[in-house]
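The values are calculated or read from the model by the stated rules, or taken from the named source; none is laboratory data. Fair warning: this is a prediction, and the values are worked out from it, not measured in the lab. Cβ placement follows ideal geometry from the backbone for every residue including glycine, while neighbour counts extend to all protein chains displayed.
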There are 2 protein chains.
Amino acid sequence: MYRTHTCGELRISHAGINVTLAGWVQTIRKFGSITFVDLRDRYGITQLLFGEELNQQLESNPLGREYVIQVSGTVNERSSKNANIPTGAIEIAVQSFVILNKSAVPPFTIQDETDGGDDLRMKYRFLDLRRNTVKRNIELRYAVNRAARNFLHANGFMDIETPFLIKSTPEGARDFVVPSRMNPGQFYALPQSPQTFKQLLMVSGYDRYYQVVKCFRDEDLRADRQPEFTQIDCEMAFVEQEDILNMFEGMIKSIFKEVKGIDYTETVERMTWEDAMWQYGNDKPDIRFGMEICNLKFPAHTFPSKSGYEQLINGVDFKVFDEAETVVAIAVPGCSEYTRKQTDELTEWVKRPQIGMKGLVFIKCNEDGTFKSSVDKFYSEEKLKAIADVSGAKSGDLILILAGTEERTRKAMSELRLDLGERLGLRKKDEFKLLWVLDFPLFEYAEEENRWVARHHPFTSPKPSQIETMIQNNPVIEDAANYLKHPYANIKANAYDMVLNGNEIGGGSIRIYQRELQEKMFLALGMDAEEQQHKFGFLLGAFEYGAPPHGGIAFGFDRLCALMGGSESIRDFIAFPKNNSGRDVMLDAPSSIDQKQLDELQIRLHLK
Amino acid sequence: MYRTHTCGELRISHAGINVTLAGWVQTIRKFGSITFVDLRDRYGITQLLFGEELNQQLESNPLGREYVIQVSGTVNERSSKNANIPTGAIEIAVQSFVILNKSAVPPFTIQDETDGGDDLRMKYRFLDLRRNTVKRNIELRYAVNRAARNFLHANGFMDIETPFLIKSTPEGARDFVVPSRMNPGQFYALPQSPQTFKQLLMVSGYDRYYQVVKCFRDEDLRADRQPEFTQIDCEMAFVEQEDILNMFEGMIKSIFKEVKGIDYTETVERMTWEDAMWQYGNDKPDIRFGMEICNLKFPAHTFPSKSGYEQLINGVDFKVFDEAETVVAIAVPGCSEYTRKQTDELTEWVKRPQIGMKGLVFIKCNEDGTFKSSVDKFYSEEKLKAIADVSGAKSGDLILILAGTEERTRKAMSELRLDLGERLGLRKKDEFKLLWVLDFPLFEYAEEENRWVARHHPFTSPKPSQIETMIQNNPVIEDAANYLKHPYANIKANAYDMVLNGNEIGGGSIRIYQRELQEKMFLALGMDAEEQQHKFGFLLGAFEYGAPPHGGIAFGFDRLCALMGGSESIRDFIAFPKNNSGRDVMLDAPSSIDQKQLDELQIRLHLK
């Protein structure tokens, strides 16, 4: 061993003993004939004092930033202590030292606030990983991993490894494929998730399974997506939705406790997908703050108690609202005194192409009880008051209203709400709010192909009460224009998402375990019997030999770690991430391979 | 939840309570108007009693093997208890039941001794996994995983995930490659091990790393090799070989204790590679039994105390021995009375093509002190006694002697020794003997290319005392015939293998951490500066910024589990293994993929 202690462990109680440390030179400060060096390792920083007698040696063997050295000496109490670091009470009076390895001058500073840009830090990721801020993320990731495993182990789950070289069954996302040299012309695929394997394990009777496992999706990368990512993947047999919600609520709370020391004692709120879409404009609401969306055309959609308001905004000949499919409002607390400049800025914000609205209507609910709006010529004070009541606005609030098609308008209002939450400091980094979103639609409609697609995945069960609807009806959509009238349009999935601070951190479902229902599902997705057999014959077969009821969930481990660490960028929480083009710029991968490798695989490039 | 208890937990103390169980029907036994059913789940078996009143229902809804049912009833004390199972004191008087899912008749019996052949069980792996014998293996695997993680965590190691989509740098084994759609014409490779990443983590200062991680090698599969396999992969910084040996000896002992309840208190034996090769004929000796090999031509090679025996077997005009490069013997204990038939059989055994010897010489060391050999006409009684002395044979032993070229003869003797150990019951399944093999040669000679290849891998350091030899000499072999005289031929690696009962379970080394030495190593392996930069530029670069001394080890997790489970077949310890052609016969993978997928990847098949 090159050391007797780490750079983080020596205290005043060690004073007087001889120690050997090894680590990296963080800083060098010369004061006349003595030199102070801060020595760094994974565990902390310890101050070294090179006295006069070692100066000669230091001159012939000068140290530099990031040199790796080994020093021996005595632990001494410092005269001027540094209360900011745990070792700040002591220093090492160095008696001898060895330079274990030199270092070139790093391309950026190894400090919390570095001068290195993104690209440079990615190329030299091994240096970036030395920075405290990055190290804390990697440590947090391990802590989350460990806490999850401990909870799952304590609850009888078993880590069972599933294969990485599997069969390509592209559903939704593209598979990465791996040519097989021993089976020329054939390919393995890398798993998008261990979904079918964990279901088979349930059929096999291993009723509580988990894995912290890499998954792969060959998608066009958006910012903060990685082609390989990690899931905490879990499955249970003999359970219903309620059992899963309780179990995994417990897991996340246990992680909060172990990793962050947070007692998340309150019950996790639950919300239907329908409510989430109408009250927050998206299916992963950030409920750290209110500002719920109010549907001004059909307020009862949002608040069942507020019926009878259908004429709230209609009937005053304001065409923008009259003609809009959807008119929605939020009440922004305490912003009634926004200036013209500020409301103009908001209007510009919603008119940006990413948001795509034509304009923004506002109503200022003045502190004195009066109202001032951008639509005063259409709406009387009385009408404005009624709108304010319905929107839940109080004196001092600013009501913002958007109008347009349902999907776009809800989405725009969701963005606007989040942006204002951010501006008003309502999205606190150190506040954590969990939410279960439930009762998703089982299907979405694919217009181009005039068929159903699975909203979650093809193995998700409908609500038990709707299984008959699914079995008894023909999934074919005869009348494309009225697809919403097809009985399948109203089937809800037995599925659930866990949302943390407006981000989906986990999702799952109760699975189909009956062959007949699974076949019906595949058929609804446009897969005929032959294709079903080719792609999923093993699963359909398994369902014939005593498949138990089962369900599960998968957590996005990268995202969970990022959110726990107060960041929304997963890349900072992955030791060796890829960039937005799916490249590892440190390795320079992917790269060309030898002709010999291509020949052995019996494939050729065919570049466009 | 479909159950209140599992099928393994009810005891006499539960008598009288109402319970609900769910599981699989193991057996059905009818006795007149009552029916006994054994219900099975992951945790055990519970006997169900369907009384007269339920018979009607059972007749209209008959049960079958492997049906999934849910039953409610009362826990009753059994009149005739079954002491063989933990729940044997009770049974459930069923009050109601539901068939959750039916089962077709399984293609083989779900019992410890099944009637299913290998292929059938692989195709229906999900049923095979239900068998107790397989389940115990999977549970043992999880226990080993957990024990390893607990030990490593307690010792300050961090699980840090390394990427799966990396760069192809084929060294030795072939890479599996993954075409990149977003970078047409370029490929990722799947990692053969996280070797370079864990070294980078050491450069980054994460001084204790581990991972239980999938690795991939596209090799022609031998029996019991898998294209994807799992390693317990570890690395430490600021350590020397001794530190690694102590740490991981501790890990394996801790696994033995936690998983098998075995206190492995003795220090793990250590042996040089040279000794292993001469005394056991291979580099992973099974030291559960003796029968060490004796080198009759140069006994001092094996036993330094036995010098001066050079004329032991020469000089009697027995050409077979005189002309052989190597003559080796083992003394088989207590077999001096082997019949002619038995010695003939041994002779035939060594003459099989797999062993490839021309014949076998034996000397019977009779109990009365006389000798009888197959070479009596060449060797006097006195000579035979001398040979017996040198071979360590006692009265009653049978000495077996092989002669031929060094490599083949040692290997043949190793096989013969193991075979006899097996026959004599000396390789006990429940005995575990660990061994460190040390001081491997750093290089092997590649005749075709007249250059060096790394015996372990290119990142292994030579012994510290031999670094200068490596740096100062030109690796080029000028005189191919005398390659053994090249200074590199005698360089020993700072490497170590852990052997358990004659199987390598782990191997590792102290790594090179100096750029100059690493470049010299690559050069010795025939890699010029350009190729070095292309393949390993990132690592050479990293060594310029303060790389600490470091080393590590990787354990073959599949093999370790198999050996702990008393088996030598890793396949039985993998949930979803591939067959010897690398196929998953359950999934039917690999398989053809759509033309659309090929087009998107811009590759084409080019089948021979």
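Please specify each residue of segment B:505-524 satisfying the condition of being among the small types (Gly, Ala, Ser) and within 29 Å of the chain's Cα centre (by Cα).
B:506, B:507, B:508, B:509
Examine segment B:82-92 for a residue that is surrounded by fewer than 20 Cβ atoms within 10 Å (Cβ to Cβ) and either within 9 Å of chain A (Cβ to nearest Cβ) or among the aromatic types (Phe, Trp, Tyr) (or both), and state whether such a residue exists.
No, that holds for no residue.
Please go through segment A:49-75 and give me each residue that is surrounded by fewer than 16 Cβ atoms within 10 Å (Cβ to Cβ) and more than 47 Å from the chain's Cα centre (by Cα), ordered by number.
A:51, A:52, A:53, A:55, A:56, A:57, A:59, A:60, A:61
Can you tell me how many residues in segment A:180-189 are facing chain B (nearest Cβ under 7 Å) and out of contact with any Pro (no Cβ under 7 Å at 6 or more places or on another chain)?
4
Looking at A:515, A:604, can you tell me which residue is at the interface with chain B (Cβ under 10 Å from one of its Cβ atoms) and over 24 Å from residue A:189 (Cα atoms)?
A:515
Which condition number in (1) without any contact (Cβ under 8 Å) to a residue 24 or more places away in the chain; (2) at the interface with another protein chain (Cβ under 9 Å from one of its Cβ atoms) is the one that residue B:246 fails?
Here residue B:246 meets the rest and fails (2).
Select from segment A:1-18 the residues that are within 14 Å of another protein chain (Cβ to nearest Cβ) and more than 20 Å from residue A:101 (Cα to Cα) and list them in ascending order.
Of everything in segment A:1-18, those that are within 14 Å of another protein chain (Cβ to nearest Cβ) and more than 20 Å from residue A:101 (Cα to Cα) turn out to be A:8, A:9.
I need every pair where a residue in segment B:407-426 that is part of a helix (DSSP H, G or I) has its Cβ under 8 Å from the Cβ of a residue that is of a type in the set (D, E, K, R), sequence separation at least 6 or different chains.
That search, which allows pairs on different chains as well, returns B:409/B:325; B:418/B:286; B:418/B:427; B:421/B:286; B:421/B:288; B:421/B:427.
Which one of these is within 11 Å of another protein chain (Cβ to nearest Cβ), modelled with pLDDT of 95 or more, over 20 Å from residue A:186 (Cα atoms) and touching an Asp or Glu at 6+ places or on another chain (Cβ under 6 Å): B:157, B:176, B:164, B:126?
Just one listed residue meets the conditions, B:164.
Acidic (Asp, Glu), closer than 22 Å to residue B:584 by Cβ and out of contact with any Asp or Glu (no Cβ under 8 Å at 6 or more places or on another chain) - does that describe any residue in segment A:570-585?
No: zero hits.
Out of segment A:584-596, which residues are within 13 Å of residue B:185 (Cβ to Cβ) and within 7 Å of chain B (Cβ to nearest Cβ)?
Correct list: A:590, A:591, A:592, A:593.
Just one of B:362, B:378 is modelled with pLDDT under 95, surrounded by 15 or more Cβ atoms within 10 Å (Cβ to Cβ), of a type outside the set (A, V, I, L, M) and touching a helix residue (DSSP H, G or I) at 6+ places or on another chain (Cβ under 9 Å); which is it?
B:378
Only one of A:35, A:46 is part of a strand (DSSP E or B), within 38 Å of the chain's Cα centre (by Cα) and hydroxyl-bearing (Ser, Thr, Tyr); which?
On inspection, the qualifying residue turns out to be A:46.
Which one is farthest from the other protein chains (Cβ to nearest Cβ) among residues in segment A:129-154 that are over 30 Å from residue A:178 (Cα atoms) and among the basic types (Lys, Arg)?
So, considering only residues that are over 30 Å from residue A:178 (Cα atoms) and among the basic types (Lys, Arg), the one farthest from the other protein chains (Cβ to nearest Cβ) is A:136.
Just need a number here: residues in segment A:206-223 that are more than 8 Å from chain B (Cβ to nearest Cβ) and under 17 Å from the mean Cα position of the chain (by Cα).
Qualifying residue count, segment A:206-223: 7.
Results for (1) hydrophobic (A, V, I, L, M, F, W, C); (2) in contact with a Phe, Trp or Tyr (Cβ under 9 Å, 6 or more places away or on another chain); (3) in the same structural domain as residue A:200 (by TED's automatic domain parsing), shown as yes or no for each residue.
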residue: A:140; (1), (2), (3): yes, yes, yes
residue: A:144; (1), (2), (3): yes, yes, yes
residue: A:157; (1), (2), (3): yes, yes, yes
residue: A:167; (1), (2), (3): no, yes, yes
residue: A:170; (1), (2), (3): no, no, yes
residue: A:176; (1), (2), (3): yes, yes, yes
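Can you tell me which residue is surrounded by the fewest Cβ atoms within 10 Å (Cβ to Cβ) among those in segment A:492-548 that are among the small types (Gly, Ala, Ser) and part of a strand (DSSP E or B)?
So, considering only residues that are among the small types (Gly, Ala, Ser) and part of a strand (DSSP E or B), the one surrounded by the fewest Cβ atoms within 10 Å (Cβ to Cβ) is A:507.
Test residue B:269 against the criterion of being within 14 Å of chain A (Cβ to nearest Cβ) and either touching a residue at least 40 places away in the same chain (Cβ under 8 Å) or buried (at least 22 other Cβ atoms within 10 Å of the Cβ) (or both), and give yes or no.
Against the criterion (within 14 Å of chain A (Cβ to nearest Cβ) and either touching a residue at least 40 places away in the same chain (Cβ under 8 Å) or buried (at least 22 other Cβ atoms within 10 Å of the Cβ) (or both)), residue B:269 does not qualify.
Go through segment B:73-119 and count every residue that is in contact (Cβ under 8 Å) with a residue 12 or more places away in the chain and either part of a strand (DSSP E or B) or of a type in the set (S, T, N, Q) (or both).
Final tally of qualifying residues: 22.
Rundown of residues vs (1) farther than 30 Å from residue A:289 by Cβ; (2) out of contact with any strand residue (DSSP E or B) (no Cβ under 9 Å at 6 or more places or on another chain); (3) in the same structural domain as residue A:243 (by TED's automatic domain parsing), yes/no style:
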| position | (1), (2), (3) |
| --- | --- |
| A:504 | no, no, no |
| A:509 | no, no, no |
| A:534 | yes, no, no |
| A:537 | yes, yes, no |
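Which one is farthest from residue A:536 (Cα to Cα), of the residues in segment A:436-452 that are aliphatic (A, V, I, L, M) and buried (at least 16 other Cβ atoms within 10 Å of the Cβ)?
Checked segment A:436-452; the qualifying residue farthest from residue A:536 (Cα to Cα) is A:437.
So residue A:226 ticks every box in (1) in contact (Cβ under 8 Å) with a residue 60 or more places away in the chain; (2) part of a strand (DSSP E or B); (3) within 10 Å of chain B (Cβ to nearest Cβ) but one. Which box is left unticked?
For residue A:226, the failing item is (2).
Evaluate the following for residue A:193: is it facing another protein chain (nearest Cβ under 7 Å) and of a type in the set (Ser, Thr, Tyr)?
Spelling it out, it is not the case that residue A:193 is facing another protein chain (nearest Cβ under 7 Å) and of a type in the set (Ser, Thr, Tyr).
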